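Since the structure comes first, as structure tokens, the remarks are kept for the end.
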């Protein structure tokens, strides 16, 4: 313990001696006064010896004074607005009353703190002015391959969403079409003995019953209660193709005027006759329509002669409208009436006596095609 205290005491004594020696040296050194003038600048500036606290502010004439300057070599700095605008080396070994400092005569050295900021700014400007290749990788952006992959993914995603929406639209169209016109799906018209009619789709049948799907559910119908089953064929409108060159000037053909049923004879003499006793054939009831096992459409009905004379060669002219463009076709059938032998020897079974009924039946073959409507004309001749 004592050895440590003696060591500390020796160190303290040594430091004290060194401090006294330094002060004695400084006290022993010579001190000088410096006087001078700063030229080359009109404003007042500060003259300072770097590393010391010796400084002075110049007067109007640029004069300054530094007192008690120790002998040695110094760097004299001229400071304006806290910036070093000039510095030079001087040696102090005597009093000097005519020290001249010319700003700009020697290269000025800027303060380190100032130069660091200025240099950093200049370096930044130089770096920013240097052209750098602007690529996606250099600027930190995504590469072209990455962008292409992302775009392909988005395209596939949008394609899948589009297909999904298309399927939903098709389902909605099917549902709306079903509710607007149920015959598009439930095309079977089942006519029962009690006079009722059921529209539906036959999903199962055997020799005893039918299972029919309808809008209100499933029905089980006994086969012996069915009079007939009619298949209603729904045809969609087909727009007529018009070449692009004539679309602006093209006008669709006018709809044909279907013949209105007339209950008069085609004979000119009979048509002009105003006699009280003439033939007049009319339709009794409605025309029924059905399909046979071969797919032919069969029209049935009855005609009655309500006139006062016999009607010969009584026939039904059916005018079928094939489409909305105006295409029509005509089919004719004669009635099954009474037999009559004419003076020429011709025998006919298409005559109707006054008050008599005659049935007719028209077969429309399957290869005739579909039609959207029809009209009819009753025609006959009068010979007696």
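The values are calculated or read from the model by the stated rules, or taken from the named source; none is laboratory data. From a predicted model like this one, the values you see are computed outputs, not experimental measurements. So basically every Cβ, Gly included, is an ideal-geometry build from the backbone, and we count neighbours across all protein chains shown.
One line per residue, one yes/no per condition, for (1) farther than 28 Å from residue 215 by Cβ; (2) in contact with a strand residue (DSSP E or B) (Cβ under 6 Å, 6 or more places away or on another chain); (3) modelled with pLDDT of 85 or more:
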residue: 125; (1), (2), (3): yes, no, no
residue: 129; (1), (2), (3): yes, no, no
residue: 133; (1), (2), (3): yes, no, no
residue: 138; (1), (2), (3): yes, no, no
residue: 142; (1), (2), (3): yes, no, no
residue: 152; (1), (2), (3): yes, no, yes
residue: 159; (1), (2), (3): yes, no, yes
residue: 173; (1), (2), (3): no, no, no
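Being farther than 30 Å from residue 227 by Cα, surrounded by 16 or more Cβ atoms within 10 Å (Cβ to Cβ) and in contact (Cβ under 8 Å) with a residue 60 or more places away in the chain is a condition met by at least one residue of the range 298-309. For the range 310-335, the candidate set comprises residues that are farther than 20 Å from residue 365 by Cβ and buried (at least 17 other Cβ atoms within 10 Å of the Cβ); within that set, the residue that is nearest to the chain's Cα centre (by Cα) is 335. Being in a strand (DSSP E or B) and within 27 Å of residue 197 (Cβ to Cβ) is a property that residue 288 has. Would you mention how many residues in the range 186-227 are surrounded by 11 or more Cβ atoms within 10 Å (Cβ to Cβ) and either outside any strand (DSSP E or B) or in the same structural domain as residue 297 (by TED's automatic domain parsing) (or both)? The qualifying residues number 5.
Residues that are farther than 14 Å from residue 100 by Cβ and surrounded by 13 or more Cβ atoms within 10 Å (Cβ to Cβ) were ranked within the range 33-44; the one that is nearest to the chain's Cα centre (by Cα) is 44.
Just one of the listed residues (367, 343, 349, 317) is in a strand (DSSP E or B), at pLDDT below 90 and more than 27 Å from residue 226 (Cβ to Cβ), and it is 349.
Every condition in (1) touching a residue at least 60 places away in the same chain (Cβ under 8 Å); (2) surrounded by 15 or more Cβ atoms within 10 Å (Cβ to Cβ) is met by residue 365 except one, and the failing one is (2).
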